[in-house]
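The values are calculated or read from the model by the stated rules, or taken from the named source; none is laboratory data. This structure is a prediction, so every number in the text was calculated from the model and none was measured. Don't worry about glycine lacking a Cβ; one is built from the backbone with ideal geometry, like all the others, and counts go over all protein chains shown. Heavy atoms of the whole protein, side chains included, go into the accessibility calculation; ligands, DNA and RNA do not. Shrake-Rupley method; radii C 1.70, N 1.55, O 1.52, S 1.80 Å.
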Amino acid sequence: MMIVDTHTHLFDDAFRDDFDAVVARAQATGVEKLLMPNIDCSTLDDLLSACRRHPGVCYPMLGLHPTSVNAGFREELSALRLQLKDTHPYIAIGEVGLDFYWDTTFREEQIAALNEQICWALEFDLPLVIHCRKAFPELLSCLEPYRQTPLRGVFHSFTGEDVDVEQLLSYSRFLLGINGVVTFKKSILPAVLKSRVPIERLVVETDSPYLAPVPHRGQRNESAYVSDVLRKVAEIYEVAPEEAAKVTTENAFRMFCIV
Ligand SMILES: [Zn+2]
């Protein structure tokens with residue numbers, strides 16, 4: 001059973017002491033591909049060296065995270081953009097998006113940064129990995145002009161809250177990223193998924209080091225635990241874990257064009 005963790009920040013300081021062991025544990029559980037979204041310029045070196053240590057396993061994305069957007073975002077974007085040469089290692093533009101939960105000071109800047117990075121995704125034919133928290137109306141306004149374009153990607157960390165899932169699913173080239181939230185006792189996500197989302201629209205992720213699934217809730221999350229997310233997804237759709245793994249893994253390979 002092969003699983004892809006489509007969203008994992010294993011280059012984070014939280015893994016400074018045992019990164020290689022964390023990757024080995026993931027592989028031992030069948031998690032053979034680890035897709036890593038960038039945060040900002042300050043994380044790029046750590047991200048790239050993590051991916052160089054494990055070629056064919058760890059894959060980097062390039063992007064500016066909405067919580068890293070501030071008054072200097074134009075310079076930050078220019079520096080990141082220089083990475084996109086004719087040959088580059090990036091499998092996606094991510095993570096990008098809008099986050100008005102923590103702070104709305106740079107609301108307009110977040111929107112401008114998202115718009116620019118949507119253009120990169122189209123220009124370089126890369127999927128977009130989107131983070132959205134308390135900003136779905138604004139996100140949907142940003143995406144609307146691109147409905148008829150080849151823009152594709154993942155709505156990462158989908159929780160079932162704050163947005164009508166039909167509006168996200170109406171973007172037919174987009175998938176939903178499901179993480180440990182699906183295992184939380186009070187989550188509405190299992191009910192939303194079962195009643196309204198075909199399993200064919202899903203990929204699984206951890207968002208390590210955050211959002212560890214039950215039974216690891218509250219601990220540091222790591223990619224091996226994506227198997228707990230996968231098992232919960234299988235239970236919701238009443239299919240074997242192997243079947244849930246097959247569907248979500250094929251989705252990930254197709255979306256991110258990894259081999
Ligand atoms: Zn993330």
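Of all residues in the stretch 26-48, none satisfies being within 16 Å of the ligand (Cβ to nearest atom) and either among the aromatic types (Phe, Trp, Tyr) or modelled with pLDDT under 95 (or both). Restricting the first member to the stretch 113-132 and to residues that are touching a residue at least 24 places away in the same chain (Cβ under 8 Å) and open to solvent by 20 Å² or more (accessible area, probe 1.4 Å), and the second to residues that are polar (S, T, N, Q) and not in a helix (DSSP H, G or I), the beta-carbon pairs closer than 7 Å and six or more apart or on different chains are LEU122/THR149; HIS131/SER157. Within the stretch 24-80, the set of residues being of a type in the set (D, E, K, R) and farther than 30 Å from GLU242 by Cβ comprises ASP40, ASP45, ASP46, ARG52, ARG74, GLU75, GLU76.
Does ALA79 qualify as being within 14 Å of the ligand (Cβ to nearest atom) and open to solvent by 40 Å² or more (accessible area, probe 1.4 Å)? Criteria not met by ALA79. Condition first: assigned to a strand (DSSP E or B), of a type in the set (A, V, I, L, M), crowded, with 17+ Cβ neighbours inside 10 Å and in contact (Cβ under 8 Å) with a residue 60 or more places away in the chain. Can you find one or more residues in the stretch 44-63 that meet it? No, the stretch 44-63 contains no residue that is assigned to a strand (DSSP E or B), of a type in the set (A, V, I, L, M), crowded, with 17+ Cβ neighbours inside 10 Å and in contact (Cβ under 8 Å) with a residue 60 or more places away in the chain.
Taking the condition out of contact with any Phe, Trp or Tyr (no Cβ under 7 Å at 6 or more places or on another chain), within 17 Å of PRO127 (Cα to Cα), within 14 Å of the ligand (Cβ to nearest atom) and of a type in the set (A, V, I, L, M), does VAL203 pass? Criteria met by VAL203.
Among the residues of this structure, ASP162 does not count as one that is at positive phi and within 16 Å of the ligand (Cβ to nearest atom). Looking at the structure I just gave you, is SER208 open to solvent by less than 40 Å² (accessible area, probe 1.4 Å) and either in contact with a Cys (Cβ under 8 Å, 6 or more places away or on another chain) or away from the ligand (no atom under 16 Å from the Cβ) (or both)? Considered against the rule, which asks whether it is open to solvent by less than 40 Å² (accessible area, probe 1.4 Å) and either in contact with a Cys (Cβ under 8 Å, 6 or more places away or on another chain) or away from the ligand (no atom under 16 Å from the Cβ) (or both), SER208 comes out as no. Residues in the stretch 222-256 that are in a loop (DSSP other than H, G, I, E, B) and surrounded by fewer than 24 Cβ atoms within 10 Å (Cβ to Cβ) were compared, and the one that is nearest to the ligand (Cβ to nearest atom) is VAL239. Restricting attention to the stretch 34-43, the residues that are surrounded by fewer than 24 Cβ atoms within 10 Å (Cβ to Cβ) and out of contact with any helix residue (DSSP H, G or I) (no Cβ under 7 Å at 6 or more places or on another chain) total 2. Residues to consider are PHE15, PHE19, PHE11; find the one that is aromatic (Phe, Trp, Tyr) and more than 16 Å from the ligand (Cβ to nearest atom). Going through PHE15, PHE19, PHE11 in turn, just one is aromatic (Phe, Trp, Tyr) and more than 16 Å from the ligand (Cβ to nearest atom): PHE19. Every test in (1) part of a helix (DSSP H, G or I); (2) more than 13 Å from the ligand (Cβ to nearest atom) is passed by ASP86 save one, and that test is (1). Only a single item in (1) more than 15 Å from the ligand (Cβ to nearest atom); (2) open to solvent by less than 20 Å² (accessible area, probe 1.4 Å); (3) assigned to a loop (DSSP other than H, G, I, E, B) is not met by ALA71, and it is number (2).
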